[in-house]
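Taking it in order: structure first as structure tokens, then the write-up.
The values are calculated or read from the model by the stated rules, or taken from the named source; none is laboratory data. Worth saying up front: this structure is predicted, and the values here are computed from it rather than measured. Here the Cβ is made from the backbone with ideal geometry for all residues, glycine too, and neighbour counts use every protein chain on show.
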Amino acid sequence: MAKVKIKVKVLRYNPESDPKPYWKSYEPEVEDDSTILDILNTIHWNIDGTLSYRRSCRSAICGSCAMKVNGRNILACETSMHQFKGDKFRIEPLPGFKIIKDLVVDLDEFFAKLERIRPYLILNKSIPDKEFYQSPEDFEQIVEVINCILCGACTSSCPSLWGNENYLGPAALLKAYRFIADSRDDGADERVDIINDRNGIWRCHTIFNCMEACPKDIKITEYLSRLKVKATENSI
Amino acid sequence: MKVDEAKKYHKIDAVVVGAGLAGMRAALEIAKNGRQVAVLSKVYPTRSHSGAAQGGIAAALANTSEDSPELHMFDSVKGSDYLADQDVIELFVHEAIKTVYDLEHMGVPFSRTEDGRINQRPFGGHSAPRACFSADVTGHVLLHTLYEQCVKHHVHFYSEFQVFSLLIDNDISRGVVAWDVRNGGLHIFHAKAVMLATGGYGRAFKITSNAHANTGDALGLILECGLPLEDMEFVQFHPTGLYKHGILLSEAARGEGAYIINNQGERFMKNYAPTKMELGPRDLVSRSEQTEINEGRGIDGKDYVYLDLRHIGKQRIMERLPQVYDLALNYLNVDAITQAIPIQPTAHYSMGGIPANIHTEVIKDAKGTVVKGLYSAGEAACHSLHGANRLGTNSLQDAVTFGRIGGAYMSEFVKANGYENLPANPLDSAQAKISALMDGKGKERYSPIREELQASMSKYAGVFRCEEEMLKLKKIVKELQGRFKEVTIDDKGPAYNLDLQEAFELGNLLSFSETIVEGALARKESRGAHYRNDYPTRDDKNWLKHTLAWKTAEGVKLDHSKDVVIFMDRYPPQERKY
């Protein structure tokens, strides 16, 4: 392990004082096995305390540090600098969201869209004394989608959302799938009603950006396609 | 920047500080009881560190083998090295079962047995497979489910609000003052009841599994109010931290059969815990690992050993331990299917914290006098459920169960009581802290001070401790506290000022770290996670006692008059062997 000097450009913006976002260059010296988050920490702690970004768990589970690096949406904490060629890094906030400051974006609308699909078990049956029974095969239907950490990388990468901010976006739709596919849930039809419109599931044009952006490798496009089938069935 | 006046004044029945499992479960209970509740969190709720817990949540459901709450109780008492209050454990092990079914009914996706029930796996120190799990993302699915339930029940979230001071006057809680991180500005939350659920504080150490956010803010604020902390010397070091990073590799790996091996390829736990082997309790496994390392049997003579999953096989690794696999691959470029993973002990969990009784009411002395309207639950609190060492999977259960219990008591409290008056000049304390950091003339930066604190705490108050080293540490912490007064920050603006947040957090780290050191210095015995090289045995004659620690102008004041609650007829202290 050795120290290396790298070239980093960060898109900076403070709405209070800057007319528009601008690139600022840094040349920090970092360990050669650093992650993108390590690089940002080095800049923030040692060079420029005014740089703002979100981070918390640094183990790819809290979803705070999604951002765009060299053109790709990634989680800064789990992405080693070796995943990029060369020693130059362009770091910018997730596209498609309003910037609050520097790499921090406004996620209020992102979370509000999640609320719209009624993200909780809807039950018409009575509650048993112990657990609801669910077969391992039924659990298998949701085992991948429950890994979603709501980092926003998918929704931010979606051209359909860039073109129409009212689109629910892949994260909220994936959450709808998570409940629709849960064998314990009785709310599938009302949820399908919510997503079965031009700003819902049909705004997905199967571009696959979301799947490529997902740090948890969830096959989002595939699940959204299943929702289209379900919506079609319900409409017939 | 001037912060002369509150940007906004909120009046609300109950305020919960912290949006992890404890905080959100409390808030949910209060909302379900028809009361107004606000949750203040410095991160978005789904970013809370409860989500990083991987392995499971303990409850004696007996779904995969025989089990009982009594056995769960015995395991927890023994695991605590007899320092836990047994009345608390007794309540806990019975409530745990209700808690898990309640969570399942809310929609938590648990892994299933063949016959469709909640699956359970073995865990360190538990004598039956008791960990209800969801692959290795148990904390994550619990956190998201509770968030979703809170949304359903109209809990008011104030995300990215950092509490800067507690409004406590005459031992009565009246609310909190919080900084709006996103926009800047102080808000007053005037509340009948306040719960402190800010989680753990592993960030006092260099190698830690904890998130950047885990800085024990409520603990610093409690000390500032002249209230005590309890059992701070008991810090759990988890044996399977990812080498150099400290990131947690779930104990579920060992639950699924992983080995820990030294540079001889030897499963050295056979020399320390011949019966339980790798599934010994965390304090014991961490000490064994550190001993191997100290005696030159670390890999290549370095400060790590191996966690070996290879014999478990690809299919089971990917099905049961996908997160462990990904972490090793992404951070160390190790493919756990074909390679062993470098690990070392990592500061993981704080058994001590804000003293609270079985109803989660915060207490201010060894007699148990209650601070009216103030509650605490989860890792921030010390009930004391975990004593000197917590068993894996008891923490998620602790957070949810005591969150629920606390929420129920708070609901009753706000129904029966009115608003207390705010103290005169409620913003003073928060304003003073902000203006010292923003407008001060000092030349110190906070990051080198924090780095030195973390390195010193890991070095001198880690897995093994002794008087000589801790006296050194005490001096270092004092000196760093002095330097902190000279800290000013680069960022002077109101919007998302990360600099301000980190500097404020460092003040809290420095404040409560002193109580860890003093507690550890005074406790001249070895018990659970607190191991003294110079006092290597447990001393039940003198030390079946809790530690209370206050900060005073003369330094830390300790009180050891709070006895451990022990049911002598049922669970008398005995030698702890695994």
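For segment B:258-276, check the following and say yes or no: at least one residue is more than 14 Å from chain A (Cβ to nearest Cβ), closer than 28 Å to B:Val141 by Cβ, at pLDDT 95 or above and in contact with a Gly (Cβ under 9 Å, 6 or more places away or on another chain). So far as segment B:258-276 goes, no, none of its residues is more than 14 Å from chain A (Cβ to nearest Cβ), closer than 28 Å to B:Val141 by Cβ, at pLDDT 95 or above and in contact with a Gly (Cβ under 9 Å, 6 or more places away or on another chain).
Look through segment B:126-142, keep the residues that are among the hydrophobic types (A, V, I, L, M, F, W, C) and within 15 Å of A:Val145 (Cα to Cα), and return whichever of them is farthest from the other protein chains (Cβ to nearest Cβ). Checking each candidate, the answer is B:Leu142. A:Ser56 passes every criterion in (1) part of a loop (DSSP other than H, G, I, E, B); (2) more than 7 Å from every other protein chain (Cβ to nearest Cβ) apart from (2).
Elements of the type strands (runs of 3 or more DSSP E) sitting completely within segment B:331-432 and holding at least 3 residues that are in contact (Cβ under 8 Å) with a residue 60 or more places away in the chain and crowded, with 20+ Cβ neighbours inside 10 Å: these cover B:341-350, B:370-376. Look at segment A:88-102: where a residue is more than 11 Å from every other protein chain (Cβ to nearest Cβ) and in a strand (DSSP E or B) and a partner is basic (Lys, Arg) and buried (at least 20 other Cβ atoms within 10 Å of the Cβ), sitting 6+ places away or on another chain with Cβ atoms under 8 Å, you get A:Ile91/A:Lys68; A:Glu92/A:Lys68.
Within segment B:23-56, if we keep just the residues that are of a type in the set (Val, Ile, Thr) and within 13 Å of chain A (Cβ to nearest Cβ), the residue that is surrounded by the fewest Cβ atoms within 10 Å (Cβ to Cβ) turns out to be B:Val43.
Inspection of segment A:219-228 identifies at least one residue that is surrounded by fewer than 22 Cβ atoms within 10 Å (Cβ to Cβ), within 18 Å of the chain's Cα centre (by Cα) and either assigned by TED's automatic domain parsing to the domain that holds A:Val69 or outside any helix (DSSP H, G or I) (or both). B:Leu327 meets the conditions (1) in contact with a strand residue (DSSP E or B) (Cβ under 9 Å, 6 or more places away or on another chain); (2) surrounded by fewer than 21 Cβ atoms within 10 Å (Cβ to Cβ) in every case but one. The failed one is (2).
Considering A:Asn73, A:Asn46, A:Asn41, which residue is buried (at least 21 other Cβ atoms within 10 Å of the Cβ), facing chain B (nearest Cβ under 10 Å) and not in a loop (DSSP other than H, G, I, E, B)? Steps first, please.
Details: A:Asn73 fails: facing chain B (nearest Cβ under 10 Å); A:Asn46 fails: buried (at least 21 other Cβ atoms within 10 Å of the Cβ).
Of the residues listed, the single one that is buried (at least 21 other Cβ atoms within 10 Å of the Cβ), facing chain B (nearest Cβ under 10 Å) and not in a loop (DSSP other than H, G, I, E, B) is A:Asn41.
Within segment B:450-496, being within 11 Å of another protein chain (Cβ to nearest Cβ), crowded, with 16+ Cβ neighbours inside 10 Å and in a helix (DSSP H, G or I) holds for one residue alone: B:Arg450. Summed over segment A:119-131, the residues that are facing another protein chain (nearest Cβ under 7 Å) and in contact (Cβ under 8 Å) with a residue 40 or more places away in the chain give a count of 3. Candidates are the residues of segment A:132-155 that are free of Cβ contacts under 8 Å to residues at least 60 places away in the same chain, within 7 Å of another protein chain (Cβ to nearest Cβ) and not in a loop (DSSP other than H, G, I, E, B); the one that is surrounded by the fewest Cβ atoms within 10 Å (Cβ to Cβ) is A:Pro136. Restricting the search to segment B:117-132, which residues are in contact with a helix residue (DSSP H, G or I) (Cβ under 7 Å, 6 or more places away or on another chain) and assigned to a loop (DSSP other than H, G, I, E, B)? Of everything in segment B:117-132, those that are in contact with a helix residue (DSSP H, G or I) (Cβ under 7 Å, 6 or more places away or on another chain) and assigned to a loop (DSSP other than H, G, I, E, B) turn out to be B:Pro122, B:Phe123, B:Gly124, B:Gly125, B:His126, B:Ser127, B:Ala128, B:Arg130. Can you pull out the residues in segment A:7-36 that are under 14 Å from A:Asn70 (Cα atoms) and aliphatic (A, V, I, L, M)? Residues satisfying the conditions are A:Val8, A:Val10, A:Leu11, A:Ile36. Within segment B:106-125, identify whether any single residue is at pLDDT 95 or above, more than 10 Å from every other protein chain (Cβ to nearest Cβ), crowded, with 22+ Cβ neighbours inside 10 Å and under 19 Å from the mean Cα position of the chain (by Cα), and answer yes or no. No, every residue in segment B:106-125 fails to be at pLDDT 95 or above, more than 10 Å from every other protein chain (Cβ to nearest Cβ), crowded, with 22+ Cβ neighbours inside 10 Å and under 19 Å from the mean Cα position of the chain (by Cα). Of the helices (runs of 4 or more DSSP H) that lie entirely inside segment B:204-298, not one contains 3 or more residues that are of a type outside the set (Lys, Arg) and free of Cβ contacts under 8 Å to residues at least 12 places away in the same chain. When B:Val151, B:Val141, B:Val194 are checked against the criterion of being outside any helix (DSSP H, G or I) and under 22 Å from B:Glu29 (Cβ atoms), B:Val194 stands alone in meeting it.
Let's see how each residue does on (1) closer than 21 Å to B:Thr46 by Cβ; (2) at pLDDT 95 or above:
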| residue | (1), (2) |
| --- | --- |
| A:Ser157 | yes, yes |
| A:Ser160 | no, yes |
| A:Leu173 | yes, yes |
| A:Asp182 | yes, yes |
| A:Val192 | no, yes |
| A:Arg198 | no, no |
| A:Cys204 | no, yes |
| A:Tyr223 | yes, yes |
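Scanning segment A:65-80 for residues that are of a type in the set (Ser, Thr, Tyr), over 22 Å from B:Arg47 (Cα atoms) and not assigned by TED's automatic domain parsing to the domain that holds A:Asp185 turns up nothing. On the stretch given as segment A:156-180, residues that are surrounded by fewer than 18 Cβ atoms within 10 Å (Cβ to Cβ), in a loop (DSSP other than H, G, I, E, B) and of a type outside the set (D, E, K, R) total 2.
Candidates are the residues of segment B:143-173 that are surrounded by 24 or more Cβ atoms within 10 Å (Cβ to Cβ) and hydroxyl-bearing (Ser, Thr, Tyr); the one that is nearest to the other protein chains (Cβ to nearest Cβ) is B:Tyr147. Residues in segment B:511-548 that are in a helix (DSSP H, G or I) and hydrophobic (A, V, I, L, M, F, W, C): B:Phe512, B:Ile516, B:Val517, B:Ala520, B:Leu521, B:Ala522, B:Trp543.
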